[in-house]
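Visitor: Below you will find the structure I want to go over with you.
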Amino acid sequence: MDEVYRCTGVFGHRMVQIEKEEPAKIECHAKLTETVLVGDYLKCKEIGNQLYATEIVKRTNVIKRINFSGNQLLAANVDVIFIVTSVNNDFNISRLERYYIIARESGARICFTLSKCDLTEHYMEYQKLLKKNFHDADVVNTSVYDSEFDCTVLYEFWNHDETAIFIGSSGVGKSSLLNILLENYIIKVQGIRKKDDRGRHTTTSRQLYNLKDNRCIIDTPGLRSIGISASNSNIETVFSDIAELEKNCRFSDCSHSNEPGCVVLHAIESGALDEERVERYLKLKGKDGLRHKLKYGKPHQRQSAVKQLKKRK
Ligand SMILES: Nc1nc2c(ncn2[C@@H]2O[C@H](COP(=O)(O)OP(=O)(O)OP(=O)(O)O)[C@@H](O)[C@H]2O)c(=O)[nH]1
Ligand SMILES: [Mg+2]
Ligand SMILES: [Zn+2]
């Protein structure tokens, strides 16, 4: 008879870890041709004293990005996505927009997790920046080194019996947060680079952990690239103000370069739209950037809000 087990780790192509009384590594049966993901529920069968994964139970959702070889599926059956970002030099709105777009596509609930809030007294400004860029987003402040920031605040977004996942660049402190939730320092963490606060890709594979209250959490390695299809409708969700505005350009296929009646250029020139945001929007849509198009050439050296904030510490 088939038994169903959760996949907690994937090793190479055919070997998966499942959650029995003890974690166990088993092979995929030849008839299972689809790639197994962390978080999958697997039908397993005993054949000649050996347990094999034979089938993947229908997934409720998947998280995916595009990489050089096409769609890459990262995890399955996830209820809550914590997009982790630290309040230091590694804070990068463009990267967060990409994480947010892939997170939204999965249909899971999303919560931005500002990590390392012990590092700056301006952490609320980082929170404001996130709320400004991601309208209705939930944002929490955490630190594993300062008890003023209680990391169990994450439980407000994540119910019993649900699966959550940490995504975010290398070094933002995903595994450190998980060690706190596990109340056990079992996951390796490593210092970040001094010059730019980037991580060292310490976690190298996705792994699902069980917390004692029946919540599950998947730790992931920081992604080196977050590819998104230019037709992903969540681009318009993140940049809804620009997407709305450009409908009023005189030409429906306006490239916002030098067309008469371009409301996007007008909004940039009047200061109503942030030029860097428009650049990021066009880039995600696979279009040429604005920089070389603007009538007044390269914009004056206005510093972005993020740059100003980083300088303040
Ligand atoms: N100041 C401060 N440092 C932290 C905090 N959380 C993590 N760190 C440090 O940040 C560094 C990276 O932490 P990790 O937990 O390994 O980061 P990660 O996101 O898992 O990184 P990858 O596994 O490479 O994706 C370590 O030196 C941690 O001690 C925090 O709340 N405050
Ligand atoms: Mg890690
Ligand atoms: Zn236009």
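Visitor: Given the criterion more than 16 Å from ligand 2 (Cβ to nearest atom) and part of a helix (DSSP H, G or I), identify the matching residue among GLU236, GLU259. Explain how you work it out, then say what you get.
Guide: Working: GLU259 fails: part of a helix (DSSP H, G or I).
The match here is GLU236.
Visitor: If you scan segment 134-153, which residues turn out to be within 16 Å of ligand 2 (Cβ to nearest atom) and within 13 Å of ILE83 (Cα to Cα)?
Guide: Matches in segment 134-153: THR142 only.
Visitor: I would also like to ask the following. Kindly establish whether GLY191 is within 8 Å of ligand 1 (Cβ to nearest atom) and modelled with pLDDT under 95. If you could, list the steps in order and put the result at the bottom.
Guide: Values: within 8 Å of ligand 1 (Cβ to nearest atom): yes; modelled with pLDDT under 95: yes.
So GLY191 fits the description; yes.
Visitor: Is there a residue being within 16 Å of ligand 3 (Cβ to nearest atom), modelled with pLDDT under 95, at positive phi and surrounded by 15 or more Cβ atoms within 10 Å (Cβ to Cβ) anywhere in segment 252-266?
Guide: Checked against the condition, which is being within 16 Å of ligand 3 (Cβ to nearest atom), modelled with pLDDT under 95, at positive phi and surrounded by 15 or more Cβ atoms within 10 Å (Cβ to Cβ), segment 252-266 yields at least one hit.
Visitor: Go through the residues of segment 226-245 one by one and say whether even a single one is touching a Phe, Trp or Tyr at 6+ places or on another chain (Cβ under 8 Å) and within 16 Å of ligand 1 (Cβ to nearest atom).
Guide: Yes.
Visitor: Also, quick follow-up: Scan segment 174-196 for residues that are within 12 Å of ligand 2 (Cβ to nearest atom) and in contact (Cβ under 8 Å) with a residue 24 or more places away in the chain and jot them down.
Guide: LYS174, SER175, SER176, LEU177, LEU178, ASN179, ILE187, ILE192
Visitor: Can you say whether SER205 is away from ligand 1 (no atom under 16 Å from the Cβ) and in a loop (DSSP other than H, G, I, E, B), as far as the supplied structure shows?
Guide: Numbers: away from ligand 1 (no atom under 16 Å from the Cβ): no; in a loop (DSSP other than H, G, I, E, B): yes.
The answer is no for SER205.
Visitor: Here is a further query. Of the conditions (1) within 16 Å of ligand 3 (Cβ to nearest atom); (2) among the hydrophobic types (A, V, I, L, M, F, W, C); (3) under 23 Å from THR85 (Cα atoms), ALA243 fails just one. Which one is it?
Guide: Unmet condition: (3).
Visitor: While we're here: In segment 169-192, how many residues are crowded, with 20+ Cβ neighbours inside 10 Å and among the β-branched types (Val, Ile, Thr)?
Guide: So the answer is 2.
Visitor: Still on this structure, please answer the following. If I ask for residues that are buried (at least 21 other Cβ atoms within 10 Å of the Cβ) and aliphatic (A, V, I, L, M), which ones from segment 81-100 would you list?
Guide: ILE81, ILE83, VAL84, VAL87, LEU96
Visitor: When you scan segment 197-208, how many residues do you find that are surrounded by fewer than 19 Cβ atoms within 10 Å (Cβ to Cβ) and under 18 Å from LEU37 (Cβ atoms)?
Guide: The number of residues fulfilling the criteria is 2.
Visitor: Then there's this: If you take the residues in segment 239-256 that are in a loop (DSSP other than H, G, I, E, B) and among the small types (Gly, Ala, Ser), which one is nearest to ligand 2 (Cβ to nearest atom)?
Guide: To start, the set of residues in segment 239-256 that are in a loop (DSSP other than H, G, I, E, B) comprises 239, 249-256.
Those still in the list that are among the small types (Gly, Ala, Ser) too: 252, 255.
Numbers: SER252: 46, SER255: 41 Å.
The qualifying residue nearest to ligand 2 (Cβ to nearest atom) is SER255.
Visitor: Here are the criteria: (1) surrounded by fewer than 16 Cβ atoms within 10 Å (Cβ to Cβ); (2) touching a residue at least 12 places away in the same chain (Cβ under 8 Å). Tell me which single one THR54 does not satisfy.
Guide: THR54 satisfies all of (1) surrounded by fewer than 16 Cβ atoms within 10 Å (Cβ to Cβ); (2) touching a residue at least 12 places away in the same chain (Cβ under 8 Å) except (1).
Visitor: For segment 24-33, indicate whether the set of residues that are surrounded by fewer than 18 Cβ atoms within 10 Å (Cβ to Cβ), in the same structural domain as THR142 (by TED's automatic domain parsing) and in contact (Cβ under 8 Å) with a residue 24 or more places away in the chain is non-empty. Break it down into steps so the answer makes sense when it comes.
Guide: If we filter segment 24-33 for residues that are surrounded by fewer than 18 Cβ atoms within 10 Å (Cβ to Cβ), which is where we start, we get 24-25, 27, 30-31, 33.
Narrowing further to those that are in the same structural domain as THR142 (by TED's automatic domain parsing): none.
For segment 24-33, residues surrounded by fewer than 18 Cβ atoms within 10 Å (Cβ to Cβ), in the same structural domain as THR142 (by TED's automatic domain parsing) and in contact (Cβ under 8 Å) with a residue 24 or more places away in the chain: absent.
Visitor: Restricting attention to segment 125-153, and to residues there that are surrounded by 14 or more Cβ atoms within 10 Å (Cβ to Cβ) and aliphatic (A, V, I, L, M), which single residue is farthest from GLU183 (Cα to Cα)?
Guide: Residue satisfying both the conditions and the ranking: LEU129.
Visitor: Determine whether segment 47-62 contains at least one residue that is part of a strand (DSSP E or B) and within 30 Å of LYS116 (Cα to Cα).
Guide: The initial filter retains those residues of segment 47-62 that are part of a strand (DSSP E or B), namely 47, 50-56, 62.
Right, trim to within 30 Å of LYS116 (Cα to Cα) and you get 62.
The answer is yes; a qualifying residue exists.
The values are calculated or read from the model by the stated rules, or taken from the named source; none is laboratory data. These numbers come from a predicted model, not from an experiment. Here the Cβ is made from the backbone with ideal geometry for all residues, glycine too, and neighbour counts use every protein chain on show.
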